[in-house]
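The values are calculated or read from the model by the stated rules, or taken from the named source; none is laboratory data. Nothing here was measured: the structure is a model prediction, and the numbers come from that model. Glycine also receives a Cβ, built like all others from the backbone with ideal geometry; neighbour counts cover every protein chain displayed.
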């Protein structure tokens, strides 16, 4: 993002930092739940634990990446107060850019879960045969999907048109 695009009021910066800290705590709580599954009073299925843990890890990864990006921009004095009507429109875009990235990471985590589950289903392993290793694998990959959510968006955007055009041409 070019430096001249960094238009955010101090109030919105404070909201983003607070939001990120709350989402980080929520992500940590979701990550801990499957890890403590054995000692909890209720039992999560492997699928449920992998979804919950994957979302938690994706949130942690996303928050670490974007919180770092946010505080580095503040330290480097990259942000400036919006002064014009164009700046206020840009501020809205920058605000939602940061606000929505953790939510996008949840979607990528679910996609990771589906992708890993599909690859396992190909070899016909049922839910009862899945081990806790599946949960850890989903959580591990989901962290990186959350951390790299911006890069994943760019990659999917560039590849999706090619894939769709190929499907349409083949039919």
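Restricting attention to region 67-125, the residues that are in a loop (DSSP other than H, G, I, E, B) and touching a residue at least 60 places away in the same chain (Cβ under 8 Å) add up to 4. Restricting to region 45-60, name every residue that is surrounded by fewer than 24 Cβ atoms within 10 Å (Cβ to Cβ) and farther than 12 Å from residue 32 by Cα. 45, 46, 47, 48, 51, listed by residue number. Among the residues of region 131-171, the one identified as within 17 Å of residue 105 (Cα to Cα) and surrounded by fewer than 10 Cβ atoms within 10 Å (Cβ to Cβ) is 157.
For region 126-140: of the residues being touching a helix residue (DSSP H, G or I) at 6+ places or on another chain (Cβ under 9 Å) and in a loop (DSSP other than H, G, I, E, B), which is modelled with the lowest pLDDT? So, considering only residues that are touching a helix residue (DSSP H, G or I) at 6+ places or on another chain (Cβ under 9 Å) and in a loop (DSSP other than H, G, I, E, B), the one modelled with the lowest pLDDT is 130. Residues of region 112-125 that are surrounded by fewer than 17 Cβ atoms within 10 Å (Cβ to Cβ) and modelled with pLDDT of 85 or more: 114, 115.
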